[in-house]
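The values are calculated or read from the model by the stated rules, or taken from the named source; none is laboratory data. It should be emphasised that the depicted structure is a prediction, and the values quoted were computed from it without experimental measurement. Using ideal geometry, Cβ is built from the backbone for each residue, glycine included, and neighbour counts are taken over all protein chains shown.
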Amino acid sequence: MASRDSRIARTLLEWFDAAARDLPWRPPGRAGRRDPYHTLVSEFMLQQTQAARVAERFPRFLARFPSLAHLARADEQDVLAEWSGLGYYARARNLHAAARAVADLPHARLPHDPDQLTALPGVGRYTAGAIASLAFNTPTPAVDGNVSRVILRLEAKDLPLAGPGTLAFAHGRATQLLATEPARASAGALNEALIELGATICTPRSPRCEACPLARECRARKLKAQARIPRAKPPARQKHLRADSVLIRDRAGRLLIERRPRTGLWAAMWQAPTLESPAGPDEPGPTARQLPRLLHLPGLNLGPRPVETFTHATTHRLVQFRIWTAAAPRDFAPGPGPAGDQPREWKKQDQIAMLAISNPQRRILLADRDSLFDR
Ligand code: SF4
């Protein structure tokens with residue numbers, strides 16, 4: 001009789017064959033060969049973004065950078081601009097740097113070995129396992145949050161998803177599944193089946209056990225413990241920030257923009273001149289009189305109040321934006337931004353739309369605000 005692990009592996013592979021979603025980076029049918037470059041790009045995009053969103057953007061990115069050599073030769077600002085809207089821009093920078101590092105290798109090809117892949121910028125243990133197994137069928141696990149959740153439930157292991165010991169446990173079990181006879185020639189498909197099951201059926205809330213191919217083998221389901229595995233962890237504290245962004249327009253209708261510092265949140269992306277400060281009940285924020293001095297914008301007169309405020313949430317921060325407006329005076333000569341490495345330029349809105357900008361700055365810089373300046 002087949003072992004439990006062999007039954008699980010076979011069931012997962014058969015289910016994935018029949019139920020895998022049609023996604024642009026997947027070749028049709030399990031026998032189809034994965035393009036290593038497509039796998040690299042899709043895995044970077046998928047690191048923090050839902051598959052449906054990546055599916056919209058992936059073909060466009062490939063049309064712009066059709067091969068690893070094209071990406072390696074590209075200018076970083078063009079890569080960031082093409083990534084615009086996907087968020088977590090460090091991924092775009094790392095993908096670009098990884099492409100350059102691979103282009104410098106003797107054969108300019110992605111390594112098959114996960115240890116060599118982790119030497120590339122932005123490639124952690126999961127991404128290395130995914131690329132090695134999906135593109136080259138290397139029998140190595142690819143354990144992300146989806147896979148950890150499926151394995152913890154399958155084994156009724158009462159651990160938090162990101163807790164110490166969880167990754168080692170999930171890695172160990174995935175390695176055992178990869179060593180079974182059904183998985184021997186299908187390491188990539190088995191890893192992807194686990195990822196797919198976690199993304200579509202064994203979801204964080206309300207797993208659809210009635211539709212799950214592993215229902216008969218699942219120990220959490222037998223104990224009716226699906227809802228409490230993985231164990232909940234206390235929510236992370238978000239830092240509260242205020243961002244005062246000043247829209248400055250010159251007589252030609254151009255807006256003044258500056259580049260953010262090369263490290264930190266939204267690194268090296270373009271924005272309206274912006275001052276960030278702590279937000280909170282005891283932090284009233286800078287006034288219209290203080291802002292021009294603090295932002296190194298001498299001679300500028302702002303309207304008395306912000307014209308709009310909105311809140312933007314990132315994983316670790318809650319940023320309250322305040323938008324101010326000003327018409328540039330005749331002899332206005334802005335220097336670089338206060339951080340020193342922040343060049344400033346005048347651009348029309350259609351030119352700004354082509355640059356790498358964050359979602360909140362897109363809202364600030366690209367909205368139609370003519371009426372505010374005509375007053
Ligand atoms: S039976 Fe339910 S809890 Fe178990 S693996 Fe399937 S979806 Fe997840």
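Table for the structure above
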item	result
In the range 37-53, the residues that are touching a helix residue (DSSP H, G or I) at 6+ places or on another chain (Cβ under 9 Å), modelled with pLDDT under 95 and outside any loop (DSSP other than H, G, I, E, B)	Leu46, Ala51, Arg53
Conditions (1) surrounded by 13 or more Cβ atoms within 10 Å (Cβ to Cβ); (2) under 17 Å from Arg242 (Cβ atoms); (3) not acidic (Asp, Glu); number of the one not met by Trp346	(2)
The range 227-261 - residue that is within 16 Å of the ligand (Cβ to nearest atom) and outside any strand (DSSP E or B) and, of those, modelled with the lowest pLDDT	Ala232
Only listed residue being of a type outside the set (D, E, K, R), touching a residue at least 12 places away in the same chain (Cβ under 8 Å) and at positive phi, chosen from Ala232, Ala183, Ala199, Ala156	Ala156
The range 181-214, residues that are among the polar types (S, T, N, Q), part of a helix (DSSP H, G or I) and within 12 Å of the ligand (Cβ to nearest atom)	Thr200
Residues of the range 77-101 satisfying the condition of being assigned to a helix (DSSP H, G or I) and out of contact with any helix residue (DSSP H, G or I) (no Cβ under 6 Å at 6 or more places or on another chain)	Gln77, Asp78, Ala81, Ala90, Arg93, Asn94, Ala97, Ala98, Ala101
Selected residue [part of a loop (DSSP other than H, G, I, E, B) and within 22 Å of Leu265 (Cβ to Cβ)] from Ala339, Ala333	Ala339
Residue that is farthest from the ligand (Cβ to nearest atom), among those in the range 148-163 that are within 25 Å of the chain's Cα centre (by Cα) and among the hydrophobic types (A, V, I, L, M, F, W, C)	Ala162
Residues of the range 215-226 that turn out to be near the ligand (Cβ under 8 Å from one of its atoms) and either in a loop (DSSP other than H, G, I, E, B) or out of contact with any Leu (no Cβ under 9 Å at 6 or more places or on another chain) (or both), as a count	3
Verdict on Thr314 being modelled with pLDDT of 90 or more, touching a Gly at 6+ places or on another chain (Cβ under 9 Å), assigned by TED's automatic domain parsing to the domain that holds Met269 and buried (at least 17 other Cβ atoms within 10 Å of the Cβ)	no
All positions within the range 128-147 that are among the hydroxyl-bearing types (Ser, Thr, Tyr) and either within 16 Å of the ligand (Cβ to nearest atom) or part of a helix (DSSP H, G or I) (or both)	Ser133
First in the range 204-222 and farther than 18 Å from Pro160 by Cα and in contact (Cβ under 8 Å) with a residue 12 or more places away in the chain, second anywhere and part of a loop (DSSP other than H, G, I, E, B) and within 6 Å of the ligand (Cβ to nearest atom), Cβ under 6 Å, 6 or more apart	Cys212/Ile201
Flag for Ala168 being of a type in the set (A, V, I, L, M, F, W, C), within 16 Å of the ligand (Cβ to nearest atom) and free of Cβ contacts under 8 Å to residues at least 40 places away in the same chain	no
Residue within the range 158-166 that is buried (at least 17 other Cβ atoms within 10 Å of the Cβ), farther than 20 Å from Asp22 by Cα, in contact with a helix residue (DSSP H, G or I) (Cβ under 8 Å, 6 or more places away or on another chain) and among the β-branched types (Val, Ile, Thr) present	yes
Answer residue from the range 262-309, given it is part of a strand (DSSP E or B) and surrounded by fewer than 13 Cβ atoms within 10 Å (Cβ to Cβ) and is modelled with the highest pLDDT among those	Thr309
